[in-house]
1. Considering B:Gln270, B:Gln252, B:Gln286, which residue is within 28 Å of A:Ala54 (Cα to Cα), within 11 Å of another protein chain (Cβ to nearest Cβ) and not charged (D, E, K, R)?
2. On the given criteria, is A:Ile257 away from chain B (no Cβ under 13 Å), buried (at least 24 other Cβ atoms within 10 Å of the Cβ) and not small (Gly, Ala, Ser)?
3. The conditions are (1) more than 14 Å from chain A (Cβ to nearest Cβ); (2) in contact with a helix residue (DSSP H, G or I) (Cβ under 8 Å, 6 or more places away or on another chain); (3) modelled with pLDDT of 95 or more, and B:Ile73 fails exactly one of them. Which is it?
4. Is there a residue in the range A:218-229 that is within 14 Å of chain B (Cβ to nearest Cβ), more than 15 Å from the chain's Cα centre (by Cα) and among the charged types (D, E, K, R)?
5. Name the residues in the range A:168-195 that are within 16 Å of A:Arg65 (Cβ to Cβ) and either within 13 Å of chain B (Cβ to nearest Cβ) or crowded, with 24+ Cβ neighbours inside 10 Å (or both), would you?
6. Working carefully through the options B:Arg260, B:Arg268, B:Arg282, find the one that is within 28 Å of A:Ala171 (Cβ to Cβ), among the charged types (D, E, K, R) and free of Cβ contacts under 8 Å to residues at least 40 places away in the same chain.
7. Determine, yes or no, whether A:Gly124 is closer than 24 Å to B:Met232 by Cα, in a strand (DSSP E or B), within 13 Å of chain B (Cβ to nearest Cβ) and at pLDDT below 80.
8. In the range A:230-262, what residues are within 16 Å of the chain's Cα centre (by Cα) and of a type in the set (Val, Ile, Thr)?
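The values are calculated or read from the model by the stated rules, or taken from the named source; none is laboratory data. For clarity, every value in this text was computed on a predicted model and none was experimentally measured. Positions of Cβ are backbone-derived with ideal geometry, glycine not excepted, and every protein chain shown enters the neighbour counts.
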2 protein chains.
Amino acid sequence: MGGLQITHNARPSTFEVEAVNERGETVPTPIAGEHPLTLYLDKRELVTLMTLGAAPEHLALGYLRNQRLVGSIDELAAVQVDWETGSVAVTSHSLAVGGVPIWDDAGRGETLAARLERRTVTTGCGQGTVFGDLMDEIDRVALPAAARLSEEVLYTVMDRVRRHESIYKVAGAVHGCALCSNAGDSRGEILRFVEDVGRHNAVDAIAGWMWLESVAGADKIFYTTGRLTSEMVIKCAQMGIPFLLSRSGLTQMGYEIARRVGITMVGRCQGRHYLLFTGGERFVRQPVSALA
Amino acid sequence: MGGLQITHNARPSTFEVEAVNERGETVPTPIAGEHPLTLYLDKRELVTLMTLGAAPEHLALGYLRNQRLVGSIDELAAVQVDWETGSVAVTSHSLAVGGVPIWDDAGRGETLAARLERRTVTTGCGQGTVFGDLMDEIDRVALPAAARLSEEVLYTVMDRVRRHESIYKVAGAVHGCALCSNAGDSRGEILRFVEDVGRHNAVDAIAGWMWLESVAGADKIFYTTGRLTSEMVIKCAQMGIPFLLSRSGLTQMGYEIARRVGITMVGRCQGRHYLLFTGGERFVRQPVSALA
């Protein structure tokens, strides 16, 4: 198949505008970039994403992956971001559009044209992502039962995320996601950190990077600044990551899907506080004696 | 045409689950509801929205309105929410599906079928809302130039929102929007307050209520806990509201569209602080002498 040709066209993430504060002073204020990026797969227009533009190629890949529009990274020949036209063109080897079936993990084949047609009526999210198919998939996900997350590593992740350089600290108005190691000496270290104006874009960009680099999820931890809604849990499970952490709270469907898929989900991670909601069998608290 | 038949099937907004905190204690924790709600227009499936379910009828109406899928509220005969099937059925008088053109404010006609077809390829957002058409529309919006927002009323709105009973205070994981008066003795009062798991749902539900009740936007103020992204600004402008306030920050496109449409946008409203970003000509600061 040959290697995937890929551009690296990140955009500057912040821009400065002038605002007037409550004292009547004009203050230069950094704001987060937001750009429409139209995704084409073999010249077929799929979607326009509003993005910070920090990882546009990975975002496009993660979108195709998480929407299950492309079955394997090997099917792709090129990912080319062009900000002059606000587009990312993804080219496949097979020119799969309309004709060649996409095979999912369960061995079900469907043409892209058929899948896109179905997508028309299922496009949802709080409002945004294809939903119906994802729930089908959830029941086939098997997250590693033997994986463990210690409280110590949880705190390490929280510390590293807090200290990480971020657009959020400068300009706000973005959500961040971090993929962290849960293996060997690097436990708790941040492997990828992506911010975007939408929660889903940030997680898609990490999923795209993992897909591109063949990174497995079993020995990883996923952290998001955003809320733990149904889709965040589904995407984490799709990536095969058993641990999902958030600074924020969760919704009922996030909770129910987390239980159903057996993910270990920890919310309200702030300071030295957290709430373990699901999958407690994988979580190892510090023994009380060690705290004395 | 006769009156619109409408259900009032709000769902309970919070549910209690058990979580384990950092001290190993099991704590009952309220979490926000999140339910799929599939929207049908004349039996045609349009979209599945993930919603808190606090104002499902208004959400459905606001979605149809803000996506410009129905031209006038008078075209509609019924809005019926049924949680057993997770559906909201909207019925029109004209059985417009596919056949009858929808006329927009500029007098352009298009059938629903054609509009839905185009929607397939333009569905975006950070990821979610139809975008292309909205930008076309923005240039036809004329917000009232003579409207004024005083700093005093700004602070009143901030105080009322802060003191308002909310799901957010109980369970987090939701965004809130408030429609406030900017007229007469009720200046600064909250007229509608809607929370939802998605920012867009909350604003759509308020738009739906305004549409249903023929409430004009010119003498109103819109407050959101969410970020001021492009779509938030567009939706506020679509509602004809000249003032947009947020506790959060803004994005570059939110800023650019706010300038283009001439909306008065104030971000970072917290405590006695704010940042006035655009439309300063409508904003009246307290004279310095009055502060002494």
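1. B:Gln252
2. no
3. (3)
4. No; the residues of the range A:218-229 include none that is within 14 Å of chain B (Cβ to nearest Cβ), more than 15 Å from the chain's Cα centre (by Cα) and among the charged types (D, E, K, R).
5. Matches in the range A:168-195: A:Cys177, A:Val194.
6. Every option except B:Arg268 fails the conditions.
7. Here the answer is yes, as A:Gly124 does meet what is asked.
8. A:Val233, A:Ile234, A:Ile241
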